[in-house]
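Here is the structure we will look at, set down as structure tokens.
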Amino acid sequence: MICLPASILIVNIRLIGDVILTTPLISLLHSIYPSASIDLLVNRGTGEFLEKDPRVRKVIYSEKWKSSSAGPASSYLAHIFRKYDLALSMNTGDRGAVAILAASRHYRVGYYDATKAVSSAVRRLLFSHPIPFDEDLHVVLRCGQTAKALGLQYERLDVKLFWDESDQAKVMSKLADGNLSGSYLVIHPFARWRYKYWEISRFCEVSDRLARVHGLQPVWTSSPDPEEIALLQTAATGCSIKPLLIPGTLSLNQMACLLKGAALYIGLDTAITHIAASTGVPMVALYGPTELWRWHPWDNEHSQHEPVAFGYRGAIRSGWMVTLQAGCEHYPCIRPHCYGETENPCMMELTADAVCREAAQVLALKADCKDTGYAG
């Protein structure tokens, strides 16, 4: 157990999903050190949602793609230098390691790759709490591993995003613009990489069937990417029941608010799916060539003591959240670049019938839990 820190820096210079799945560590440290100021160092474009987290004092951006033309004083390293009692890096990246070495006055918690002899030896020497990196551990469980390295006890690891009244007002305005007054389902048919895509026509079929059978009003969303927006608008023409389109106009905080109010979510292996899971909305997630045991949507209510085994491939049913996984004969399916940047035909193994069937089951389970007074 370390001495009480007055200031803490958490470093996760990775992608949006990594940062979202780091939020359990924020909660854990805030609960144990409620008087400590907690800052986050992240890449620009990955952590803006943290600016509305009441547990976070400040979000610092690494500005990876910008040169420091103004000199050393403009570097984010200069702004964090020796300002923290405790600094933690959540992966094995060199930039994170340099950041915690620069930032910490006392305690430096970081990971090392045991397969890299020189690097691991240096990190074990320089970090006060070096942790061997287990690449097969779920990213949320890595938050718990970090806490244990500090001698901290915890009961839960919960992924959480926050929104405020202005976010809620914008979401309500968007729904009102589409004349939505009843229960709705959210479909987010996009992901960062093309090999994670599912056929758009199948999303259209699922959208129409769920609307007809369950009386849910479809809401389709995308990021601000122009290609996604164009595809979203084209896809809508393939739906018999016209969905409300929200083309990249919501922040991640607002997306969390939208998803919290939804009756159902359907999406791919993407950051939005992790946000959906954090809200507890009934969901069906469609995964392809991904290490499911590392990246499955984290169910705050049911994932705490049921880690997915290494090498597992297939469906995960956790409460009213279902993850379906497609793949090929390779086991486990961790070959995302079989087809380069094109759509992966392995994903086509997932049928619209299967998705609708799973959706019906999670909706029924959620309804049963409401009837018995269990909120989830």
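Screening R108 on (1) in contact with a Phe, Trp or Tyr (Cβ under 8 Å, 6 or more places away or on another chain); (2) at pLDDT below 95 shows it passes everything except condition (2).
With respect to (1) small (G, A, S); (2) touching a strand residue (DSSP E or B) at 6+ places or on another chain (Cβ under 6 Å); (3) touching a residue at least 60 places away in the same chain (Cβ under 8 Å), the lone exception for A285 is condition (3). Annotation: A121 fulfils all but one of (1) among the aliphatic types (A, V, I, L, M); (2) under 30 Å from A309 (Cα atoms); (3) buried (at least 16 other Cβ atoms within 10 Å of the Cβ); the unmet one is (3). Apart from one condition, K58 fits all of (1) modelled with pLDDT of 95 or more; (2) over 19 Å from H79 (Cα atoms); (3) surrounded by fewer than 16 Cβ atoms within 10 Å (Cβ to Cβ); the exception is (2).
Looking across A262, A235, A276, one residue alone is farther than 11 Å from P218 by Cα, touching a Ser or Thr at 6+ places or on another chain (Cβ under 9 Å) and either among the hydrophobic types (A, V, I, L, M, F, W, C) or assigned to a loop (DSSP other than H, G, I, E, B) (or both). It is A235. The set of residues in the stretch 170-219 being among the small types (G, A, S) and within 24 Å of T290 (Cβ to Cβ) consists of A191, S201, S207.
Checking every residue in the stretch 37-51 against the condition of being closer than 17 Å to N253 by Cβ, aliphatic (A, V, I, L, M) and in a helix (DSSP H, G or I) gives at least one match. Within the stretch 1-27, the set of residues being surrounded by 18 or more Cβ atoms within 10 Å (Cβ to Cβ), touching a strand residue (DSSP E or B) at 6+ places or on another chain (Cβ under 7 Å) and among the hydrophobic types (A, V, I, L, M, F, W, C) comprises I8, L9, I10, V11, I13, V19, L25, I26. For the residues L264, L244, L252, the requirement of being more than 29 Å from V140 (Cβ to Cβ) and either touching a strand residue (DSSP E or B) at 6+ places or on another chain (Cβ under 7 Å) or of a type outside the set (G, A, S) (or both) singles out L244. The set of residues in the stretch 279-288 that are out of contact with any helix residue (DSSP H, G or I) (no Cβ under 6 Å at 6 or more places or on another chain) and buried (at least 23 other Cβ atoms within 10 Å of the Cβ) comprises L286, Y287. The numbered conditions (1) closer than 19 Å to N179 by Cβ; (2) surrounded by fewer than 16 Cβ atoms within 10 Å (Cβ to Cβ); (3) at pLDDT 95 or above are all true for Q233 except (3). Among all residues of the stretch 90-105, there is at least one that is surrounded by fewer than 19 Cβ atoms within 10 Å (Cβ to Cβ), within 21 Å of D134 (Cα to Cα), of a type outside the set (F, W, Y) and touching a residue at least 60 places away in the same chain (Cβ under 8 Å).
Quick grid of which residues meet (1) part of a strand (DSSP E or B); (2) under 19 Å from the mean Cα position of the chain (by Cα):
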residue	(1), (2)
S120	no, no
R142	no, yes
Q145	no, yes
D158	no, yes
M172	no, no
N179	no, no
L185	yes, no
R192	no, yes
S201	no, no
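Annotation note: of V308, V281, V362, V322, the sole residue that is assigned to a loop (DSSP other than H, G, I, E, B), of a type outside the set (S, T, Y) and modelled with pLDDT of 95 or more is V281.
Looking only at residues in the stretch 61-87 that are surrounded by 13 or more Cβ atoms within 10 Å (Cβ to Cβ) and charged (D, E, K, R), the one that is modelled with the lowest pLDDT is E63.
The values are calculated or read from the model by the stated rules, or taken from the named source; none is laboratory data. Here the structure is a predicted model, which is why all the values come from computation and not from measurement. FYI the Cβ positions are ideal-geometry reconstructions off the backbone, even for glycines, and counts take in every protein chain you see.
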